[in-house]
Each structure stands twice: as structure tokens, then as C-alpha cells.
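Here, each number is a calculation from the coordinates, and none is a lab measurement. Predicted, not measured: the structure shown is a model, and the values here were computed from it. Don't worry about glycine lacking a Cβ; one is built from the backbone with ideal geometry, like all the others, and counts go over all protein chains shown.
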Amino acid sequence: MTKEDICSIYDLRFLMQRGIALSPPLWRTLKAVIQLKKATAEDLAKVTGRPRTIESRYLAELNRLGLIARRRISRKVYYIEAETAVKEAIEEMGEIPVEQLAHQIGLPADIVRIIVKKLKSNK
């Protein structure tokens, strides 16, 4: 199986390849981020019905694993679904090297490379 066979970075095969196993609460938070595309911990807490502090902890873990982007805009921290984050960053910054793009949105460069390749193939 090659990376081209994988349709999404959230595909279970991709996660297993990277050695990532998500607990049910993390899956619940990840699904909420994917559904909302861009949200604060407070927004996600309303969707999941859990306290904001718990959501913040889960979001930090998902960001550390490289599954969601994190951007501070003014005083708020937004957690963004990876593909949406890459699209927004490309629109905002233009065509820049993948490593720079990854650094700006707080995602691993290999994941950003996969998403950029997917976006270019969809055009």
C-alpha cells in the first residue's frame, strides 16, 4: 500500500501506518473538528457536550499527533481540519515551500505534502 492509495489522512490505514491509535474520546473530538472545519475549544465543547478544558486537552493531543492545525488569531486559538488549514494557508500566503507552509499552520510537513498533492490533483 502506497500513500497514493490512501484517500485521507484520517483514513484508519494511514493512522495505523503512522502508529496512531485514537481513543473513542479523541475520535469524537476529531469528528467534531472535521464537521466544523474551524473552531475554538469552546465551540467544540458545545458540539460534544464536554467541558471546554477537556476539549482543549484533546485538541492539543490531536494537534501534537499532526491531525489538526492550530492557529492563534488575535486572542483566540482556532483548531482547523488539516485540509481546510492547508487551503486557507495557500490562499493567504500563496505558493510557498511545503516546509514553510507546514510550519505556519503547525502540521507535519509530510502530511502537508500529501494534502497539497491531493489538492493539486483535484484541480
Within the range 63-95, track down each residue that is buried (at least 19 other Cβ atoms within 10 Å of the Cβ), hydrophobic (A, V, I, L, M, F, W, C) and under 11 Å from the mean Cα position of the chain (by Cα). Leu67, Ile68, Ala69, Ile80, Ala82, Ala85, Val86
Just the residues that are out of contact with any strand residue (DSSP E or B) (no Cβ under 6 Å at 6 or more places or on another chain), surrounded by 12 or more Cβ atoms within 10 Å (Cβ to Cβ) and assigned to a helix (DSSP H, G or I), please, taken from the range 98-112. Val98, Gln100, Leu101, Ala102, His103, Gln104, Ala109, Asp110, Ile111, Val112
Test for Lys31: is it basic (Lys, Arg) and in contact with a Lys or Arg (Cβ under 9 Å, 6 or more places away or on another chain): no
Yes or no: the range 64-77 includes at least one residue that is in contact with a Leu (Cβ under 9 Å, 6 or more places away or on another chain) and β-branched (Val, Ile, Thr). yes
Can you pull out the residues in the range 103-122 that are in contact with a helix residue (DSSP H, G or I) (Cβ under 6 Å, 6 or more places away or on another chain) and among the basic types (Lys, Arg)? Arg113
